[in-house]
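The structure appears below as structure tokens.
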């Protein structure tokens, strides 16, 4: 087939993300490992990037669809997605995996969809080159924190295919946050289709290593240009992507140390501690800074006069210990409104219950109990869990002026390692599991 | 003096905000009242807009200067302020005072100052035409609510001069919020000079009526384009202005009705309820919506098992009642970390203490106490106070499924009216007072 110049240009621009065949020096793969064979590459490139079919067995874990407000208007539709690719000169060099900090580098494209009540509801979603947002200085997000987000990851599996993990859980939580923030809801399946397309376009940004992944940051902000604390009739749903390594640098042992200061409270009954809203994070920064100044990596958030453990930094917390009946038990605080319903948390509970090798419990526990268990040598492990950090063992808590040493790293076959392996085996495609959704 | 065309153009553009002399039809005054005489106008126009000197007696109420972090870098300086005026075609028509809702119309100019740690600290402040902000989609403000603001007003006095009210209090509170949010602090006196210049340039937007004023919204946001919950090394301090009428429409009686639902909590010990951070507002929107759906104007925020009254919507709350000793007493909740340290609140306490006509008390009180006082006919008035609403009488509280009627509007010479008059007399220049700072 002979093509005209115009058509050639059109195709080049449209397919720039595949140009690594021809200009491998310019568009570096996000990898320190060897490239897959040209043959496997060829086969993948011949497949059109497109929407992913959700596997039939996937629905078994899906939460209920969100109920939209009756006046939501036109719904969000993936079939209306348009794509405007970055020009070759806009493409960014990909960083070395060894250089990846969390959220420092961004990929070439982003996804956006506006909602305007006055224009009838959700507008057509679009994928565009990564670009700045243009906001009115009165936009509600800038004054009243009308904003929420999700954290997801795309993993390049050992078979070279890209997977995302339980996206329906993120979509559900995001919609629940939207309702609580007076922002418009959307169909999670439709939005996931657009996300898949975005990841597919920026697929070479998914690191070619198990030591890293591509972080997806779906974000929903209220952009009404009016002061006055009220619902926002205009909103922007967007997603940016960044290749990420470790969320924070643990100590040399591989474990983290925590500041537990009962003077600070992250969340309380009647608040929004169980929603992934921006407003939960700003108040923590000052405390995190205080922890850092003491040489501690994260904050352990306590609640109540009995100093219940609730969360660690931006993670859920788990304890593995020997209970009063002498049984080994994995325990994590319950979903009582004070903690974020973590998807990693839910997955670990589910896996551990399937294994059936130790007791699994959702219940509150306190700092005095932790101290007592250590004294009686019944505390085995403490660890944090979350999408960004996966599983993060804890070795020390600075509490009421004292350093409490946690023997997490002294166990021979620790549970934290086991759950981490089980999760990453699913995420990196070492085992086949309905929680992993393949992006074609 | 004969001027060249270029110079004429330059002067016209520089002085566009004064063009009402020549093109009064095009640039309408923000007023429904008659214009002041041409002579008074002339005199005012002959004065150059510029920085305002703070009156010597003003410092008597000023809070302590803020302590900057040692690594703040270059400080914020008003002497570096540059001005880029809007072109005549950019000027917006001014709305009728009757049409003013809260925060719907904005003036022609805004003020901006960037802070970049990597560039050595505060950059030069500038006044520009009102324009959109261009933000990286990863800017911390959009994800973690790294944002705070202030609310101030400029009043056109009965003598035609423009006044702002206790600006040093807003500047202090803003800096305290900045510290809590991991954002850079600034010199409040320097910033106030820039604000004065901004108001001076947009002076015709200050309504020519006592029924309205010009609202100033200083805002500080974290704009670091990196994900990860942490302090922001880049920030934008900006101010927009809007002519405002009433913050919300009261009922036909002039008083508001409230929803008091103990299931919702605004603030908590160890949180940031006493800081004017964006994160305090998003979680309230949903509850405010619930109040509106019940035909109630505002939310009365309760705290604790005894249902202490803390705030009303975005206002502090006051109760005037007959205490156990049979004395008339004005009471408001104490600054215990759960409520915003309102400047109107502080001013009312100060005025009432000066009057010495009734007891003035800062102490907690509860809903059961309110109910009991009503039963005993000892509750006289309940009202909310704040910059946006000034003083807002309360006539009804919907609490635990019951409507509690408050006799605020039944008093013959109510205290809420008296404090409102005292405040607005200062603000509109009917009395001379060190709290009012004149903008020349």
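Taken over the range A:245-264, the criterion of being modelled with pLDDT of 90 or more, within 12 Å of another protein chain (Cβ to nearest Cβ) and buried (at least 23 other Cβ atoms within 10 Å of the Cβ) is satisfied by no residue. Just one of (1) more than 9 Å from every other protein chain (Cβ to nearest Cβ); (2) assigned to a helix (DSSP H, G or I) fails for residue B:143. It is (1). For residue B:210, the conditions (1) surrounded by fewer than 23 Cβ atoms within 10 Å (Cβ to Cβ); (2) closer than 28 Å to residue B:167 by Cα; (3) assigned by TED's automatic domain parsing to the domain that holds residue B:416 all hold with the exception of (3).
What number of residues in the range B:289-314 are at the interface with chain A (Cβ under 7 Å from one of its Cβ atoms) and touching a strand residue (DSSP E or B) at 6+ places or on another chain (Cβ under 7 Å)? Write out each step before concluding.
Start the filter on the range B:289-314 by keeping residues that are at the interface with chain A (Cβ under 7 Å from one of its Cβ atoms), which leaves B:289, B:314.
Applying the additional criterion that residues be touching a strand residue (DSSP E or B) at 6+ places or on another chain (Cβ under 7 Å) yields B:314.
Total meeting the criteria: 1.
Per the conditions (1) in contact with a helix residue (DSSP H, G or I) (Cβ under 9 Å, 6 or more places away or on another chain); (2) at pLDDT 95 or above; (3) within 7 Å of another protein chain (Cβ to nearest Cβ), the sole criterion not satisfied by residue A:240 is (1). Scanning the range A:265-278 for residues that are modelled with pLDDT of 95 or more and within 7 Å of chain B (Cβ to nearest Cβ) turns up A:277, A:278. Any idea which residue in the range A:101-124 is farthest from residue A:220 (Cα to Cα), counting only those that are more than 14 Å from chain B (Cβ to nearest Cβ) and in a loop (DSSP other than H, G, I, E, B)? Filtering the range A:101-124 for residues that are more than 14 Å from chain B (Cβ to nearest Cβ) and in a loop (DSSP other than H, G, I, E, B), the one farthest from residue A:220 (Cα to Cα) comes out as A:120. Against the conditions (1) under 25 Å from residue A:303 (Cβ atoms); (2) not in a loop (DSSP other than H, G, I, E, B), residue A:339 satisfies every one except (2).
The set of residues from the range A:393-417 being touching a residue at least 60 places away in the same chain (Cβ under 8 Å) and either under 10 Å from residue A:259 (Cα atoms) or assigned to a strand (DSSP E or B) (or both) comprises A:393, A:394, A:395, A:396, A:397, A:398, A:399, A:400.
Which of the residues that make up the range A:209-229 are part of a loop (DSSP other than H, G, I, E, B) and within 11 Å of chain B (Cβ to nearest Cβ)? Explain how you work it out, then say what you get.
As a first pass, look at the range A:209-229 and keep what is part of a loop (DSSP other than H, G, I, E, B): A:209-212, A:223-229.
The answer is A:223, A:224, A:225, A:226, A:227, A:228, A:229.
From the list B:133, B:75, the one residue that fits, being at pLDDT 95 or above and more than 25 Å from residue A:132 (Cα to Cα), is B:75. Scanning the range B:125-136 for residues that are in contact (Cβ under 8 Å) with a residue 40 or more places away in the chain, part of a loop (DSSP other than H, G, I, E, B) and within 11 Å of chain A (Cβ to nearest Cβ) yields a count of 2.
Against the conditions (1) assigned to a loop (DSSP other than H, G, I, E, B); (2) modelled with pLDDT of 95 or more, residue A:420 satisfies every one except (1). Summed over the range B:290-333, residues that are loosely packed, with under 14 Cβ neighbours inside 10 Å and farther than 29 Å from residue A:304 by Cα total 7.
The values are calculated or read from the model by the stated rules, or taken from the named source; none is laboratory data. Since the structure is predicted, the reported quantities are computational estimates derived from the model, not experimental observations. Glycine gets a Cβ as well: all are built from the backbone with ideal geometry, and neighbour counts include every protein chain shown.
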